Amino acid sequence: LAKTTQPISMDSYEGQEVNITCSHNNIATNDYITWYQQFPSQGPRFIIQGYKTKVTNEVASLFIPADRKSSTLSLPRVSLSDTAVYYCLVGDDYGGATNKLIFGTGTLLAVQP
Amino acid sequence: SAVISQKPSRDICQRGTSLTIQCQVDSQVTMMFWYRQQPGQSLTLIATANQGSEATYESGFVIDKFPISRPNLTFSTLTVSNLSPEDSSIYLCSVVSLGADTQYFGPGTRLTVL
């Protein structure tokens with residue numbers, strides 16, 4: 001199973017762009033990269049998923065270099081409500097079936113006024 | 001995405017008893033998982049709930065302690081048996097919908113063992 005490494009915590013201010021980088025040196029060919037957001041006492045919320053290059057949705061962008069050994073979650077113009085733990089995960093593919101996700105430590109993003 | 005509910009949302013139990021947690025999805029899903037999140041920690045996968053057969057447990061988790069049922073494609077239960085204070089955690093189910101490749105999580109069940 002691919003292991004992920006990300007910073008334990010990050011600080012930012014409202015209105016800034018935040019980039020959280022995750023390392024996954026042992027990512028397998030079939031693995032996708034998925035990011036989740038978790039607020040206290042809630043289940044993780046899906047943010048974005050990608051395989052290579054760049055993926056963008058209404059919430060965030062995900063940048064994945066060609067070697068796929070890392071990925072960067074980009075949150076544009078964060079607000080106080082973006083204060084949460086962000087998890088980067090890579091899946092373990094079971095013959096094309098969907099992934100069993102193994103969570104790392106996550107990054108606690110604290111957004112200040 | 002599928003709408004996932006868990007019951008109960010929270011409970012306080014006595015040592016030595018058991019708690020059964022239900023996970024209900026509003027549509028058919030291919031895979032269901034159970035996770036544990038201890039206070040201040042990340043999520044740990046307990047098992048994959050297999051429809052119509054025994055669950056697949058991760059290292060460190062056993063069926064006697066965490067029996068799981070999945071009688072159909074929209075429902076699963078996790079029982080935490082012989083409770084001790086160390087079992088105090090949030091328990092979450094997650095699902096993958098038919099034709100999708102993304103896991104979605106339920107709201108969690110907060111268990112406190114006295």
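The values are calculated or read from the model by the stated rules, or taken from the named source; none is laboratory data. If you're wondering where the values come from, they're calculated on a predicted model, not measured in any experiment. Cβ atoms come from the backbone with ideal geometry, glycine included; neighbour counts cover every protein chain shown. The accessibility values were calculated without ligands, DNA or RNA, using every heavy atom of the protein model including side chains. Shrake-Rupley method; radii C 1.70, N 1.55, O 1.52, S 1.80 Å.
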Check your understanding: B:F33 versus (1) open to solvent by less than 10 Å² (accessible area, probe 1.4 Å); (2) at pLDDT 95 or above: which is the lone unmet condition?
Key -> (2)
Exercise for review: Out of B:S42, B:S89, report the one residue that is hydroxyl-bearing (S, T, Y), within 25 Å of A:A84 (Cβ to Cβ) and either without any contact (Cβ under 8 Å) to a residue 40 or more places away in the chain or open to solvent by 60 Å² or more (accessible area, probe 1.4 Å) (or both).
Suggested key: B:S42
Point to revise | Residues of the stretch B:9-28 satisfying the condition of being more than 10 Å from chain A (Cβ to nearest Cβ) and assigned to a strand (DSSP E or B) | key: B:D11, B:I12, B:C13, B:L19, B:T20, B:I21, B:Q22, B:C23, B:Q24, B:V25
Exercise for review: Give the residue, chosen from A:Y13, A:Y36, A:Y51, A:Y32, that is over 18 Å from A:G104 (Cα atoms) and within 14 Å of chain B (Cβ to nearest Cβ).
Suggested key: A:Y51
**Study point:** Flag if A:T21 is away from chain B (no Cβ under 14 Å) and of a type in the set (S, T, Y)
**Key:** yes
Exercise for review: Please enumerate the residues belonging to the stretch B:92-109 that are open to solvent by 10 Å² or more (accessible area, probe 1.4 Å), more than 7 Å from every other protein chain (Cβ to nearest Cβ) and either touching a Leu at 6+ places or on another chain (Cβ under 7 Å) or not in a loop (DSSP other than H, G, I, E, B) (or both).
Suggested key: B:S97
**Study point:** Restricting the stretch B:72-86 to residues that are in a loop (DSSP other than H, G, I, E, B) and without any contact (Cβ under 8 Å) to a residue 60 or more places away in the chain, the residue that is farthest from the other protein chains (Cβ to nearest Cβ)
**Key:** B:T74
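For the stretch A:4-113, list the strands (runs of 3 or more DSSP E) that sit wholly inside it and hold at least 2 residues that are in contact with a helix residue (DSSP H, G or I) (Cβ under 8 Å, 6 or more places away or on another chain) and buried (at least 19 other Cβ atoms within 10 Å of the Cβ); which are they?
A:107-112
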